[in-house]
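For reference, the structure is listed below as structure tokens.
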Amino acid sequence: MLPAPTARLRFREMTVDDFDAMAALLGDPEVMRHYPRPKTREEALRWIEWSQAGYAQHGHGLWVIETHDGEFIGDCGLTWQPVDGELALEVGYHVVPEHQHKGYASEAARACVDHAFHVLGKDHVVAIINPDNAPSRRVAERIGMEVERATADKFGLPVVVYGIREPRTPR
């Protein structure tokens, strides 16, 4: 099941038909500036396969985000990531450079967090962000996330873990 469409975006599962768009997105030095390096075309194909495996195994993964007219914006979704020896449900997002700074990442990430809470029944979602990635940190803050801790990622690189919990109403 996909997150609900937003005012400007819709979600769909990634397929090999998205290979060129995903290779351009993940191979873009600006998009990937806070990663160790941009992804190769082969790594972009593995990214699509990893997302497809997530759909099959967990019912979620990184989805393509596009306008309601079908214009490719990037990817956003929910994946299980290691954080300090435990798996955490992370919302991740990448937006093509020409559509950055338009609020698309925040809009898509909020929809994914809502999906995690209200459809998947999860009560905690994180974003694992390079401390120097100010735009990504702003997205996390815009959707209500707060810094939970500073730590290192699975590669030993410094990260800031943002988190949000589903508000529970007393009974």
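Where both partners of a DSSP beta bridge lie in the chain, what percent of those bridges are antiparallel, to the nearest 5? Mind showing how you got there, number by number?
Numbers: 32 of 33 bridges.
If we restrict to bridges inside the chain, about 95 percent are antiparallel.
Rounded to the nearest 20 Debye, what is the dipole magnitude of the stretch 9-165 about its Cα centre when Lys and Arg each give +1 and Asp and Glu each give -1 at the C-beta?
With only Lys, Arg, Asp and Glu charged at Cβ, the dipole is about 360 debye.
Grab the other residues whose beta carbon is less than 9 angstrom from that of L2, score K and R as +1, D and E as -1, and report the net.
Charge balance near L2 sits at +1.
Positive end of the charge dipole of the chain (Lys, Arg +1 and Asp, Glu -1 on Cβ, about the Cα centre): tell me which of M145, P131, P82 has its Cα farthest that way.
Positive-most Cα among the choices belongs to M145.
For the chain, what does the alpha-carbon gyration tensor say about shape, rounded, prolate or oblate, given a ≥ b ≥ c as the root eigenvalues, a/c under 1.5 as rounded, and a/b over b/c as prolate?
Here the chain falls in the rounded category.
Distance between the C-alpha centers of the stretch 28-52 and the stretch 65-113? Whole Å please.
14
Identify, among G54, Q100, G163, the residue whose Cα sits farthest towards the positive end of the charge dipole of the stretch 9-165, taking +1 on the Cβ of Lys and Arg and -1 on the Cβ of Asp and Glu, with the dipole about the Cα centre.
Of the listed residues, the answer is G163.
Where a number appears in this text, it was derived from the coordinates with a stated rule and is not lab data. Note that the structure is predicted; figures quoted are calculated from it, not measured. In this analysis, Cβ positions are derived from the backbone assuming ideal geometry, glycine residues included, and neighbour counts consider all displayed protein chains.
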